[in-house]
Amino acid sequence: MKFKTHLIYIVLIIAAVFIGRLWQPATESSPRVVTQPASHTIQTVQPQSSRLNTASSNLLDAESVVESLQLQNAQLRAQLNELNDQLMELEDNNLSLAADLQESKQSSSDSPFPERYSTPINIDTIDERLEAEEVDTSWAFDMETHVNDFLVLSEDLENLFINDVQCRATFCVVDFGVYDSEEGFDTMEFHQSLSQYEGFNFSDYDYVTMLDTSDGTARWILQKRDGH
């Protein structure tokens, strides 16, 4: 009897707990829904006058850029015209130099030494002078000695040797040969050696060097100046 009574109590307790859960408010068992206020994007509408000012400013900037480009274009055109003028002047000078060179070649076509330099020495009459002018023995001997010493003591002229030296009373004619025809006669090196030579001051005399381009040999003519 006691067992049944206890069993009835347990059933009643379980039923009471179950009924109590059924009667809980619906808000406690249902999930909470949190609602947030909708966010609103506020767009600022630019006044029409401000938009007009911006457009006007952009137009002024564009016009300024165009004016700057036009100015640069004008400057470039002026520079181009100046360069064209200079080019035409150079072309005229080249034509003039070419004409002078052609005339010089024609006038010297009969000479075995076609390459000449501007000098007070009359090259065309040098052979006649060699035949006509008497020899100043003392001066001629001294000059031949200076010429030989110059060539021997100039280390940069090792490719040269003297074929012949003919001195008279006022001038000398020196014919140079070369050991190496491919290297030939270096006119620039020869004149530089002259200026550096300390044994004799050849700059006190007028001289001209004529190069025979066919074999690389050269003729050097040395002439007294007034007062020597």
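What the table shows:
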read-out: Subset of the stretch 165-177 (residues that are assigned to a strand (DSSP E or B) and either modelled with pLDDT under 95 or under 22 Å from Asp204 (Cα atoms) (or both)); value: Val165, Gln166, Cys167, Phe171, Cys172, Val173, Val174, Asp175, Phe176
read-out: Lone qualifier among Leu101, Leu130, Leu151, Leu97 - being assigned by TED's automatic domain parsing to the domain that holds Val178, out of contact with any Asp or Glu (no Cβ under 7 Å at 6 or more places or on another chain), farther than 16 Å from Phe171 by Cα and modelled with pLDDT of 60 or more; value: Leu151
read-out: Filter result (of a type in the set (Val, Ile, Thr) and out of contact with any helix residue (DSSP H, G or I) (no Cβ under 7 Å at 6 or more places or on another chain)) within the stretch 167-207; value: Thr170, Val178, Thr187
read-out: Test: residue in the stretch 149-156 that is within 39 Å of the chain's Cα centre (by Cα), among the small types (Gly, Ala, Ser), outside any loop (DSSP other than H, G, I, E, B) and farther than 19 Å from Pro120 by Cα; value: no
read-out: Whichever residue in the stretch 189-228 is in contact with a strand residue (DSSP E or B) (Cβ under 7 Å, 6 or more places away or on another chain) and part of a loop (DSSP other than H, G, I, E, B) and, among such residues, is surrounded by the fewest Cβ atoms within 10 Å (Cβ to Cβ); value: Arg225
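The values are calculated or read from the model by the stated rules, or taken from the named source; none is laboratory data. A quick note: this is a predicted structure, and the numbers were derived from the prediction, not measured. Glycine also receives a Cβ, built like all others from the backbone with ideal geometry; neighbour counts cover every protein chain displayed.
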